[in-house]
Structure formats: structure tokens, C-alpha cells
């Protein structure tokens, strides 16, 4: 079961925008849930300069087969030119919780 699920991390500049985006993904059954964390202090290099900004972060629990759809949706709607979207495998967990993720998300790409 763990090979079917993953955690997708997305960051954004506005906690309210990211919460609304998370809600869309859950409403559309692309994620079972999203744990929104704010503020997150991000230090990064962009266009040759180092930036130090507050951001928001969400950890989505979803199916691995939906990662591409989530990336496409993020790229289309996110205010950043190159949004952070990364997926990490879930290597273990409460079997009932992992099954809940599968139950609450749709199968495969639309």
C-alpha cells in the first residue's frame, strides 16, 4: 500500500492563497488532506540573489499516480514562475490512515 501513496510539498507566498488551493485539491479528490504550515522562513537563491522571505507550506497526502496532475494544476494556478512542488514517498504508516488516503482520492489521472 505504501508504494501507492506519497506526500507532496508545495510552498507559496500567501497562506490564504495556499489554503484555498489546498481546499480545491481536496474538493477535487486530488489529495485526501493538506497540512498547512505558516509561517515558514525560506532562504533561497533566485535570479542571482539570495532571498529571505516568509512563505506558507502544505504537505498533501495523496496517491503517487496523481502527482503529475497536482504539478500541472500548481503550475497553472500558482503565483510563482517556478513553484516548489516535490513528492516524497511514504515508506510506512498506520495502515488504516494509508487506506483512508486511497479511499479519499480518485484513481489515476483524470
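The values are calculated or read from the model by the stated rules, or taken from the named source; none is laboratory data. Fair warning: this is a prediction, and the values are worked out from it, not measured in the lab. Positions of Cβ are backbone-derived with ideal geometry, glycine not excepted, and every protein chain shown enters the neighbour counts.
Only a single item in (1) surrounded by fewer than 18 Cβ atoms within 10 Å (Cβ to Cβ); (2) more than 26 Å from residue 99 (Cβ to Cβ); (3) touching a strand residue (DSSP E or B) at 6+ places or on another chain (Cβ under 8 Å) is not met by residue 47, and it is number (3).
Just checking, does the stretch 25-33 include any residue being on the phi < 0 side of the Ramachandran plot and either at pLDDT below 95 or exposed (fewer than 11 other Cβ atoms within 10 Å of the Cβ) (or both)? Taking every residue of the stretch 25-33 in turn, at least one turns out to be on the phi < 0 side of the Ramachandran plot and either at pLDDT below 95 or exposed (fewer than 11 other Cβ atoms within 10 Å of the Cβ) (or both). I'd like to check something: does the stretch 92-102 contain any residue that is surrounded by 11 or more Cβ atoms within 10 Å (Cβ to Cβ), under 17 Å from residue 22 (Cα atoms) and touching a strand residue (DSSP E or B) at 6+ places or on another chain (Cβ under 6 Å)? Yes, there is a match, as at least one residue in the stretch 92-102 is surrounded by 11 or more Cβ atoms within 10 Å (Cβ to Cβ), under 17 Å from residue 22 (Cα atoms) and touching a strand residue (DSSP E or B) at 6+ places or on another chain (Cβ under 6 Å).
Being modelled with pLDDT under 95, surrounded by 14 or more Cβ atoms within 10 Å (Cβ to Cβ) and within 16 Å of the chain's Cα centre (by Cα) is a description that applies to residue 106.
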